[in-house]
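K.L.:
Structure incoming, see below.
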Amino acid sequence: MTELNAVIFDYGNVLCDPQTPEDVDAMAGVFGIGRLRFEEFYWRKRVPYDKSELTPREYWDDFCVMAGLPTLSGEKLQRVMDYDSRSWSHGNAAMIAWARQLRASGLKTAVLSNMPLPLRVYLDATYDWLHDFDYRVFSCDVNLVKPQSAIYELCLTGLGVAPGDALFLDDRPDNITAARDLGIHGLLFTTPESAHAEIDGRYSIPRLLKNASQEGALGLPAGV
């Protein structure tokens, strides 16, 4: 089995669950449009927003222009920003517990995520568990995004590990490909169960926690 010194986690759809239809409906409702139309424009300029090339006002103003809608008032802008941040705050309890277990075992852990600044600020203020990593790299803070190689290299440097000593979990194939191109072990994440099946027997690291009682024993905050 491959010996590892570090495990690096994507945030969205790995450490947290995907946005729910109710989350998207709440955002769409601010604009008075349906979910499908909202989703058509939501992702178009998300990368520059994640990279802090657009302010929240610029990102949502561009959304309105693309959708042919009037720009939002200050109150509505804050409301859609709050809904957006909350939509990415449904922590995956099993993965959070496993990350803590890995760190307790002596492995280094990191978060490497594309996310806009309002979300990073919201999560930092809301969830103590997000601070329980040896290193964190958020695109909004470093003006880089996955799959740019520089953001992976920044994370490895911060952890103080070589590429071949780290395992990276992400839900996007292009991000995994970029990690593997640098020599990082990459695992395309879908569910904790599938990740466990792929890791078991391949990497010499602690197994995923299997039940809620073990998760609770690690003191996970309510609501994740």
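K.L.:
Filter region 155-187 for residues that are among the hydrophobic types (A, V, I, L, M, F, W, C), over 12 Å from I8 (Cα atoms) and under 17 Å from the mean Cα position of the chain (by Cα) and give the result.
P.N.:
Passing the criteria: only A178.
K.L.:
Take S105 and tell me if it is hydroxyl-bearing (S, T, Y), within 24 Å of I205 (Cβ to Cβ), touching a residue at least 60 places away in the same chain (Cβ under 8 Å) and out of contact with any Phe, Trp or Tyr (no Cβ under 8 Å at 6 or more places or on another chain).
P.N.:
Yes: the conditions hold for S105.
K.L.:
Looking at region 64-81 only, could you name the residues that are in a helix (DSSP H, G or I) and in contact (Cβ under 8 Å) with a residue 24 or more places away in the chain?
P.N.:
The answer is C64, M66, A67, K76, R79, V80, M81.
K.L.:
Of all residues being of a type in the set (D, E, K, R) and closer than 17 Å to T190 by Cβ in region 2-22, which is farthest from the chain's Cα centre (by Cα)? Just the residue, please. If you could, list the steps in order and put the result at the bottom.
P.N.:
Step one: of region 2-22, the residues of a type in the set (D, E, K, R) are 3, 10, 17, 22.
In the following step, the residues that additionally are closer than 17 Å to T190 by Cβ were identified as 10, 17.
Details: D10: 5, D17: 9 Å.
The residue in question is D17.
One line per residue, one yes/no per condition, for (1) assigned by TED's automatic domain parsing to the domain that holds A195; (2) loosely packed, with under 14 Cβ neighbours inside 10 Å; (3) charged (D, E, K, R):
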residue: E75; (1), (2), (3): no, yes, yes
residue: A99; (1), (2), (3): yes, no, no
residue: A104; (1), (2), (3): yes, yes, no
residue: P116; (1), (2), (3): yes, no, no
residue: W129; (1), (2), (3): yes, no, no
residue: S139; (1), (2), (3): yes, no, no
residue: K146; (1), (2), (3): yes, no, yes
residue: Y152; (1), (2), (3): yes, no, no
residue: P163; (1), (2), (3): yes, no, no
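The values are calculated or read from the model by the stated rules, or taken from the named source; none is laboratory data. Worth saying up front: this structure is predicted, and the values here are computed from it rather than measured. Because the Cβ atoms are built from the backbone with ideal geometry, glycine has one as well, and the counts that use them run over all protein chains shown.
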